[in-house]
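Chemist: Can you read through this structure? Questions will come right after.
The values are calculated or read from the model by the stated rules, or taken from the named source; none is laboratory data. In this text the structure is predicted, and so the values were computed from the model without any measurement. Note that we place each Cβ from the backbone using ideal geometry, even for glycine, and neighbour counts take in every protein chain shown. Only protein heavy atoms, including side chains, enter the accessible area calculation; ligands, DNA and RNA are left aside. Shrake-Rupley method; radii C 1.70, N 1.55, O 1.52, S 1.80 Å.
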Amino acid sequence: MRKLKTCFKDERGVSFPLVIAVTLALLLILCGVMEYLRLNLMAAGVKEAVQDAIVVVVNDNYANVYHGVREGYSGGYTSDGSGFEATVDDGDIYYELDRVLGTHSEGGAHVKYAEGVLEYKITDLQVTIRNAPLAPSDPRNAQRFEADAMVTLEVPVRFAGKVFPPLRMRLKVQAGYIEVF
């Protein structure tokens, strides 16, 4: 430690290479942290957009769900004359994602470019809608009307001027309809 202090106090310019090395090391660490934050921010933004799209689907099913709420439960059903038939619509989530995120369809994926460079790619959308049961015996513990969506997000990783294999993650979101009254 004492040698390091004398190296910094030396007036002959001996510490100049050390200062450059420390600065470059800190710059590389900062670049790594910034790339990590960029990836986290993109993943959070896409997940939030998928959740918004799922909420739109749940809200679009409100007309069907409302009729059950008046009877004390919230399933999406319509009368077919002799009974009830489940009616739910999984909507067009990709359309909502394109509208919110500014993506467009390209080769089976929905992609977004920034200044001609691929920013991210969304693929493999899977939507599951779970309808609430018709006239459950225990409405408080019955399955509620829910929609789940899973997408694969692929983000190219860039560091120190090089492109590495893309980060692929599976994002899962859920939205549900809860009767208020």
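Chemist: Please give the number of the condition V111 fails out of (1) modelled with pLDDT under 90; (2) within 30 Å of L171 (Cβ to Cβ); (3) in a strand (DSSP E or B).
Modeler: Only one criterion in (1) modelled with pLDDT under 90; (2) within 30 Å of L171 (Cβ to Cβ); (3) in a strand (DSSP E or B) is unmet by V111, namely (1).
Chemist: When the residues of the range 129-181 are filtered to those that are of a type in the set (V, I, T) and either open to solvent by less than 70 Å² (accessible area, probe 1.4 Å) or under 23 Å from L39 (Cβ atoms) (or both), which remaining residue is modelled with the lowest pLDDT?
Modeler: Filtering first and then ranking leaves I129.
Chemist: Residues that are modelled with pLDDT of 80 or more and not aromatic (F, W, Y): which helices (runs of 4 or more DSSP H) entirely in the range 1-96 hold 3 or more of them?
Modeler: Result: 16-60.
Chemist: Can you name every residue in the range 91-126 that is touching a residue at least 12 places away in the same chain (Cβ under 8 Å), more than 14 Å from the chain's Cα centre (by Cα) and open to solvent by less than 50 Å² (accessible area, probe 1.4 Å)?
Modeler: G91, A109, L118, E119
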